[in-house]
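The structure appears below as structure tokens.
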Amino acid sequence: MEIINRRQRMSSVARKIRREQDQTIGLVPTMGALHEGHLSLVREARRMCDIVVVSVFVNPTQFAPGEDFERYPRDLTKDTALLTDYNVDYIFAPTVEEIYPKGFATYVNVGGLSKLLEGEARPGHFRGVATIVTILFNIVRPDFAFFGQKDAQQAVIIRRLVKDLSLDTEVLVMPTVREDSGLAMSSRNSYLSAEEQEAATVIHRALVKAKETFKAGERHAGRLADQLRATFETEPRVRLDYVGIVDADTLERLDKLDDRPILIAVAAFVGKIRLIDNIVLNGAKKKEISSAKA
Ligand code: AMP
């Protein structure tokens with residue numbers, strides 16, 4: 001395994017793999033502090049592709065001022081050890097200056113979708129995401145890129161980006177990996193105390209309960225959202241930021257629920273830490289992975 005810091009080196013390695021060796025490249029973009037959620041993507045990339053590249057880059061443009069960019073967990077030594085175990089071929093870990101040199105001025109904005117849900121709560125976030133993904137795709141030119149359903153809106157936006165800009169990469173979205181408690185794995189969980197982690201399990205519980213109510217026949221989005229809010233109110237240490245009940249492909253807000261795939265997306269504060277999670281109604285029957293089985 002090689003750790004690459006320079007974009008030029010990454011480009012030329014990837015070009016050589018494609019041209020001379022005619023091998024497929026899989027890219028797993030991450031911000032590091034790797035956990036089982038990330039590793040499930042790496043495992044799938046390893047299964048599908050000849051060469052696996054994992055990028056580790058805490059992308060400043062997707063953090064708003066006052067968010068946790070500076071304190072975001074970073075541990076490249078530990079990440080490298082994990083990725084070595086997973087037989088990854090290359091880690092691409094550039095510096096901020098390498099990606100955003102002096103004079104950098106071009107951003108990618110996926111209109112409409114980027115303003116909803118997380119985009120409303122975190123203006124500019126998806127512009128940063130779409131920009132870094134475009135840059136990474138252009139450097140690595142992966143045949144396949146792997147993302148997690150944990151960030152459902154991000155996945156929808158990246159699919160749109162790839163389609164609109166005719167990028168030559170197939171986007172694959174893997175199920176959310178959870179702790180046995182149901183809490184979705186996230187690098188930000190490391191900010192939480194044990195008690196807060198326990199309190200945060202209400203997020204998944206509320207989503208599962210909403211899904212059960214839907215399955216029992218509830219088709220009114222407003223009532224489903226009310227029930228979800230009520231579940232959150234049973235846990236005083238967690239404050240719901242928003243709940244969105246939307247078309248899973250277009251993110252269009254729904255009032256009446258039908259048999260199309262529907263996304264229930266939530267963000268919630270546990271103390272000062274903001275977590276997101278979601279569940280899909282009428283989705284394909286892909287099972288979520290819990291850490292024990294991952
Ligand atoms: P991040 O490092 O948070 O930017 O995440 C990198 C990739 O890992 C994104 O595609 C995320 O959606 C994915 N990911 C993060 N957490 C999970 C999880 N619990 N299960 C599955 N994928 C995840």
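The values are calculated or read from the model by the stated rules, or taken from the named source; none is laboratory data. This structure is a prediction, so every number in the text was calculated from the model and none was measured. When we count neighbours, we look across all protein chains shown, and the Cβ atoms used for this are built from the backbone with ideal geometry, even at glycine. Only protein heavy atoms, including side chains, enter the accessible area calculation; ligands, DNA and RNA are left aside. Shrake-Rupley method; radii C 1.70, N 1.55, O 1.52, S 1.80 Å.
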- [ ] Using 0.36 nm per residue of separation minus the Cα-Cα distance, give me the extension gain between Q197 and D249 in nm, one decimal.
- [x] 15.7 nm
- [ ] For segment 69-140, give the percent of accessible area contributed by carbon and sulfur heavy atoms, probe 1.4 Å, rounded to a whole number.
- [x] 53 percent
Task: Selection from A216, I245, I4 lying farthest towards where the dipole of the chain points positive, charges on Cβ - done: I4
Task: Where labels lie 7 Å past Cα in the beta-carbon direction, separation of E98 and D85 in nm - done: 2.5 nm
Task: the chain: most fluctuating residue of D226, D249, D277 per GNM, C-alpha cutoff 10 Å - done: D226
TODO: As a check on your grasp of the helix formula, calculate [θ] at 222 nm for the chain: sum -39500 (n - 2.57) over DSSP H runs of n ≥ 4, divide by the residue count, round to the nearest 500.
DONE: -11000 deg cm²/dmol
Task: Over segment 99-168, relative contact order from alpha-carbon pairs under 8 Å, at least 6 apart, % - done: 30 percent
Task: Where labels lie 7 Å past Cα in the beta-carbon direction, separation of S12 and T106 in nm - done: 2.2 nm
Task: Largest-first principal axis extents, alpha carbons of segment 38-157, Å - done: 38, 29, 25
- [ ] Springs between alpha-carbon atoms under 10 Å, Gaussian network over the chain: tell me which of G271, G26, G37 tops the mean-square fluctuations.
- [x] G271
Open item on the list: Sort M10, M174 by heavy-atom solvent-accessible area, probe 1.4 angstrom, most to least.
Closed with: M174, M10
Task: Column: log10 I(q)/I(0), Debye, Cα scatterers of segment 185-276, q = 0.25 Å⁻¹ - done: -1.24
Task: Sequence of K215, K102, K16 from largest to smallest accessible area, 1.4 Å probe - done: K102, K215, K16
Open item on the list: Classify segment 119-175 from the C-alpha gyration tensor, please: rounded if a/c falls under 1.5, else prolate or oblate depending on whether a/b exceeds b/c.
Closed with: oblate
Task: Dipole of the chain [Lys/Arg +1, Asp/Glu -1 at C-beta], most positive-end residue of L167, V28, N87 - done: L167
TODO: Determine the relative contact order of segment 15-116: mean sequence separation of Cα pairs under 8 Å and six or more apart, normalised by residue count, in whole percent.
DONE: 28 percent
TODO: Give me the distance in nm between label points sitting 7 Å out from Cα along the Cα-to-Cβ direction at R223 and K272, one decimal.
DONE: 4.2 nm
Task: Size of charge dipole - segment 73-205 - debye, nearest 20, with Cβ of Lys, Arg +1 and Asp, Glu -1, no other charges - done: 540 debye
Open item on the list: Suppose the chain between K215 and Q23 were pulled fully straight at 0.36 nm per residue; how much longer would it get relative to their current alpha carbon spacing?
Closed with: 64.7 nm
Open item on the list: Using the Cα centre of the chain as origin and beta-carbon charges of +1 (Lys, Arg) and -1 (Asp, Glu), tell me which of G111, V177, Q153 is placed farthest towards the positive end of the dipole.
Closed with: G111
Open item on the list: What number comes out for accessible area per residue over the chain if the probe is 1.4 Å? Units Å², please.
Closed with: 49 Å²
Task: Listed residues L207, L113, L76, most fluctuating in the chain (Gaussian network, C-alpha, under 10 Å) - done: L76
Open item on the list: Could you work out the percent of alpha carbon pairs in the chain separated by over 38 Å, rounded to a whole number?
Closed with: 11 percent
Task: Given charges at beta-carbon only (K, R positive; D, E negative), |dipole| of segment 153-294 in Debye - done: 120 debye
Task: Largest to smallest accessible area among T106, T213 [probe 1.4 Å] - done: T106, T213
TODO: Let me know the charge dipole size of the chain about its Cα centre in debye, to the nearest 20, where only the beta-carbon of Lys, Arg (+1) and Asp, Glu (-1) is charged.
DONE: 380 debye
Open item on the list: Under 8 Å for C-alpha pairs, at least 6 residues apart: give me the relative contact order for segment 145-253, rounded to a whole percent.
Closed with: 20 percent
- [ ] Under 1.5 on a/c is rounded, so check that first for segment 231-290, then, if it is not, pick prolate when a/b is larger than b/c and oblate when it is not; a ≥ b ≥ c are the square roots of the alpha carbon gyration tensor eigenvalues.
- [x] prolate
